[in-house]
Amino acid sequence: MNTALWFRKVGGRLRDLLWSRRAQQAKMIVLGRSLSDGLLAKLILYVLLSIVAYLYLQPLLYMISTALKNVSDLLDPTVKWIPRQVTWDNLSKALKGLQYPDALRNTAVLSISCSLVQVLVCAMTGYALARLAVPFKGLLTALVILTFLIPPQIVIIPLYVIFSKLGLLNTPFVFLIPALFGQGLKAGLFILIFRQFFRAQPASLEEAAKLDGASVVRLFFGIMLPLARSACLVVFLFSFIWYWNMYYEPSMFLAKSFTPLSIRLDGLDDVLNPSLLGNTKIVKNPITEGTKMAAAFLIILPPIIVFMFLQRWFVSGIERTGIVE
């Protein structure tokens, strides 16, 4: 009887060991499949992201490649991306043709000042439309949306007449004053962004501040505006890029002086002449694509640098604002 009991115990242990080995084998098979599926999914994702990145970077790479080509490489159809001989003449001509330091200063002053003013004014307007008991709030919100939908070409002539009578033409005040009154470039969109953000904040914050005796001004600047840092960053970057790249409005208001980079780029053909080299007898070279590409790259370089430093906060700000809603 002891022998039979011993065989039972040994048989049970062997059965348990066999089942445990089968379970481990099955677990390894499933784990291997999951690992292989995960690697395959990552590989497909990386391939798709690489394709999308190439589609976005291809114009920039073409711009840099063309800016580094000489005339012979531009005329040679076999030279597509890598020039046979790298030249920096296009870059130097673009710097002189754009009058880059002066134009860069004008563009930076205009973009940064107007963007900062728009952040503050649009935040105040959006907070008033979201949290305060403003009369005709719905009508005012509809008018804000309407200002965003109206093309600027419709109101450009009245604005030109008004700025001309005030003596503000060819000065940055033609953009600063509208931004100060919430009518800057794309200001309606920024007001709606702040309105959506402040509407999502809990009412308990305001109630607690009001119980402590805080006024509306202190409530906005002390509590709500610090909470809206992400929205402020998003609005500032959007406004900065739009003011940096705008062309139609500066061509109407800043045609003579205080010209930004966009206007200088438009008139680059007029300055790409032999007088730039100090010899008026030289025939003008009709092939200026390399110089134009170098000038375009110099114009977009500052916004690229700004976005590279603020990319992480910009993406997180997009997620926290009302844009995704």
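The values are calculated or read from the model by the stated rules, or taken from the named source; none is laboratory data. In this text, all values refer to a predicted model and were calculated from it rather than measured experimentally. Virtual Cβ from ideal backbone geometry, glycine too; neighbours counted across all protein chains shown. Just the protein is used for accessible areas: all its heavy atoms, side chains included, with ligands, DNA and RNA removed. Shrake-Rupley method; radii C 1.70, N 1.55, O 1.52, S 1.80 Å.
Couple of notes before you dig in:
- Search result, residues across the stretch 197-208 that are in contact with a helix residue (DSSP H, G or I) (Cβ under 8 Å, 6 or more places away or on another chain) and either among the basic types (Lys, Arg) or open to solvent by 50 Å² or more (accessible area, probe 1.4 Å) (or both): ARG199, LEU205
- Contact map, the stretch 292-307: residues that are of a type in the set (Val, Ile, Thr) paired with residues that are open to solvent by 50 Å² or more (accessible area, probe 1.4 Å) and in a helix (DSSP H, G or I), Cβ distance under 8 Å, separation 6+ or inter-chain. Pairs shown: ILE299/LEU265.
- Count - residues of the stretch 157-179 that are more than 25 Å from LEU237 (Cα to Cα) and either assigned to a helix (DSSP H, G or I) or within 22 Å of the chain's Cα centre (by Cα) (or both): 10
- Matching residues, the stretch 68-107, being among the small types (Gly, Ala, Ser) and out of contact with any Phe, Trp or Tyr (no Cβ under 9 Å at 6 or more places or on another chain): SER72, SER92, GLY97, ALA103
- The stretch 302-325 - residue that is modelled with pLDDT under 65 and open to solvent by 70 Å² or more (accessible area, probe 1.4 Å) and, of those, nearest to PHE238 (Cα to Cα): ILE323
- Tally of residues being in contact with an Asp or Glu (Cβ under 8 Å, 6 or more places away or on another chain) and among the aromatic types (Phe, Trp, Tyr) across the stretch 194-216: 0
- Residues (open to solvent by 40 Å² or more (accessible area, probe 1.4 Å) and touching an Asp or Glu at 6+ places or on another chain (Cβ under 8 Å)) located in the stretch 71-109: LEU74, ARG84, GLN85
- Residue check, PHE194 under 30 Å from PRO260 (Cα atoms), surrounded by 15 or more Cβ atoms within 10 Å (Cβ to Cβ), aromatic (Phe, Trp, Tyr) and in contact with a helix residue (DSSP H, G or I) (Cβ under 6 Å, 6 or more places away or on another chain): yes
- Checking LEU176, LEU211, LEU180, LEU169 one by one, the residue that is surrounded by fewer than 19 Cβ atoms within 10 Å (Cβ to Cβ) and without any contact (Cβ under 8 Å) to a residue 12 or more places away in the chain is LEU211 and no other.
- Number of positions in the stretch 180-223 that are over 26 Å from the mean Cα position of the chain (by Cα) and closer than 30 Å to TYR248 by Cα: 0
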